[in-house]
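Structure, as structure tokens:
None of the figures in this text is laboratory data; all of them are computed from the coordinates on show. Bear in mind the structure is a predicted one, so any value in this text is a computation, not a measurement. Counting neighbours? That spans all protein chains shown, and the Cβs are built from the backbone with ideal geometry, glycine included.
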Amino acid sequence: MINTNHKILFDESKCVGCQLCYKGCFVDVIRWDAEKKKPVFKYVEDCEHCFICQSLCKKDAITVCPDYASEHFGQHFEQYR
């Protein structure tokens, strides 16, 4: 997804460094900063809005905020016009 306005809000003060969000992200949006022992939300534009990271976070440090209006789907099907 290119040119989207998706956001992932992260409250670093709530994070305990459990890595569940990092391990649960199947599209590699979340990377791990070993030095800080915190997640890094590197590729937010690729987020699939599955909310797995938000669901796995027991400390409520993550909030996924998809911007559905900014998504542009390139598929057009004649039978649905």
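Quick look at the numbers
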item: Spacing of the two label points (7 Å from each Cα toward its C-beta) at Ala69 and Cys18, in nm; result: 3.4 nm
item: For the range 7-67, alpha-carbon Rg over 2.2 N^0.38 Å; result: 0.98
item: Interchain or long-range residues, amide H under 5 Å from Lys7's placed H; result: Cys65, Asp67
item: Residue-wise HN-Hα coupling along the range 34-50, computed from phi with Karplus coefficients 6.51, -1.76, 1.60 (Hz; x: Gly, Pro); result: 5, 5, 7, 6, 9, x, 10, 8, 8, 10, 4, 5, 8, 4, 8, 6, 7
